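A short worksheet on the structure shown next.
The values are calculated or read from the model by the stated rules, or taken from the named source; none is laboratory data. Model, not experiment: these values are computed from the prediction. Cβ placement follows ideal geometry from the backbone for every residue including glycine, while neighbour counts extend to all protein chains displayed. What goes into the accessible areas is simple: the full protein's heavy atoms, side chains included, and nothing from ligands, DNA or RNA. Shrake-Rupley method; radii C 1.70, N 1.55, O 1.52, S 1.80 Å.
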Amino acid sequence: RTRGGMNTKLHAICDSQGRPLDLFITAGQVSDHTGARALLGSLPNVKWLLGDRGHDAGLFRKAFKDKGIHACIPGRKQRKTPIKYDKRRYKRKNRIEIMFGRLKDWRRVATRHDRCPVVFLSAIALAATVIYWL
C-alpha cells in the first residue's frame, strides 16, 4: 500500500503507433522483469522492439534474438560492457509514454478505485479500447 491506496505497475506491448496490444499488471514492489517475462510469449512478429532500461537483461536479449527481433534497449548504468542501441529509434519510445498518459486521463485508471486487480485490469482494457480502437 501507498498513502494513496493500492500500488500497481502496468506493463504493455504497443504497436508502432503507440496503441496497446497486450496489457499485464503486477504489484508495485515486483520487478519489471516479472511483467516483461509474462508478456514475452505474446510478442508480435516485428523487426524492432523498444524497451526501457529496466528491461535490460540477458534473458530478454536472448529471447528477442531467438525470435529475430532487434532490441533497442539501452544498457543499465551498472553494466560493465556498454550496449549499443539506435538512439534515433529509441526516441520513438515517447509514443508509449503518451499512451500511459492518455490511459491516466480516465479517472478510474488514474486513481485506482478498484481493489481487485482483475477489475482494475478490465477498467484499463476498457479505457484502452475506447481511446485507441473505437
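Within the accessible area of the range 8-133, what % is carbon and sulfur when the probe is 1.4 Å and the other protein chains stay in place?
Carbon and sulfur together cover 54 percent of it.
Mind sorting out which of [x] 20.5, 60; [y] 14.8, 48; [z] 15.5, 46 is the real Rg and Dmax of the Cα atoms in Å computed from the coordinates?
Step by step, Rg and Dmax of the Cα atoms in Å for this structure corresponds to label [z].
What figure in square angstrom, to the nearest 10, would you give for the accessible area of residue 111 with a 1.4 Å probe?
Roughly 70 Å² of residue 111 is accessible to a 1.4 Å probe.
Which pairs break 21 Å Cα to Cα here: 9/80; 9/47; 9/67; 62/84; 62/91; 9/65?
Exceeds cut-off: 9/80; 9/47; 9/67; 62/91; 9/65.
If you count only protein heavy atoms with a 1.4 Å probe, what accessible area per residue comes out for the chain, rounded to a whole Å²?
That works out to 67 Å² per residue.
Can you give the extra length, in nm with one decimal, that the chain gains between residue 129 and residue 95 once fully stretched, where that is 0.36 nm per residue apart less the Cα-Cα distance?
10.6 nm
Got a number for the accessible area of residue 113? Probe 1.4 Å, square angstrom, nearest 10.
120 Å²
Pop a pseudo-label 7 angstrom from the Cα along the beta-carbon direction at both residue 45 and residue 102 and give the gap in nm to one decimal.
Here the answer is 2.7 nm between the modelled labels.
Could you give the length gained on full extension between residue 65 and residue 78, defined as 0.36 nm per residue of separation minus the Cα-Cα distance, in nm?
Value of the extension gain: 2.4 nm.
DSSP loop (so not H, G, I, E, B), at most 15 other Cβ within 10 Å: list which trypsin sites (Lys or Arg not before Pro) in the range 78-134 pass both filters.
Taking the range 78-134 and a limit of 15 other Cβ atoms within 10 Å, the loop trypsin sites (Lys or Arg not before Pro) found are 79, 80, 84, 104, 115.
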